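Before any comments, here is the structure.
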Amino acid sequence: MAADGHLAGRLGPDFQPGADYVCLTGSAQNAHCLFLLYQLTGERRFLDAARRLNGFVRRSISVDGPPHARGGVKGSFPVDGDYGTWAYLNWAAKFCIDANLLELELKLKREVSDA
């Protein structure tokens, strides 16, 4: 994964990028799993990686523009990538919401424990 949260939409057998696009659905799912790993282990590297993935997906979401696309999560970034080509996917939005809610929950727990 790149520092900005870019994770190739396909990986080769050696875990090197195998595509130029990002599977936003998979990035959100991976972020959620990494947050769960952080909860289990307390290892900061999982938290940091999950935040980077979530941030990348959030930056791809349009918050203005045409009403039919506002707030939607594309299958891929760019939208012509191989996963969910040219589509906004309801399950991508669901996984994005799950990962962002868990990130928020973890942030609130940390703030309470730091207080």
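The values are calculated or read from the model by the stated rules, or taken from the named source; none is laboratory data. Bear in mind the structure is a predicted one, so any value in this text is a computation, not a measurement. Every residue, glycine among them, receives a Cβ derived from its backbone with ideal geometry; neighbour counts consider all protein chains shown. Side chains are part of the model used for accessible areas, which takes the heavy atoms of the whole protein and leaves out ligands, DNA and RNA. Shrake-Rupley method; radii C 1.70, N 1.55, O 1.52, S 1.80 Å.
Some observations on this one:
- When residues in the range 56-67 are screened for being β-branched (Val, Ile, Thr) and open to solvent by less than 40 Å² (accessible area, probe 1.4 Å), 2 of them pass.
- Among the conditions (1) open to solvent by 30 Å² or more (accessible area, probe 1.4 Å); (2) at pLDDT 95 or above, the only one that residue 106 does not satisfy is (1).
- The one condition in (1) in a helix (DSSP H, G or I); (2) surrounded by 14 or more Cβ atoms within 10 Å (Cβ to Cβ); (3) in contact (Cβ under 8 Å) with a residue 24 or more places away in the chain that residue 93 fails to fulfil: (3)
- Residue 70 open to solvent by 40 Å² or more (accessible area, probe 1.4 Å) and modelled with pLDDT of 95 or more: no
- When residues of the range 5-55 are limited to those that are small (Gly, Ala, Ser) and not in a loop (DSSP other than H, G, I, E, B), the one surrounded by the fewest Cβ atoms within 10 Å (Cβ to Cβ): 55
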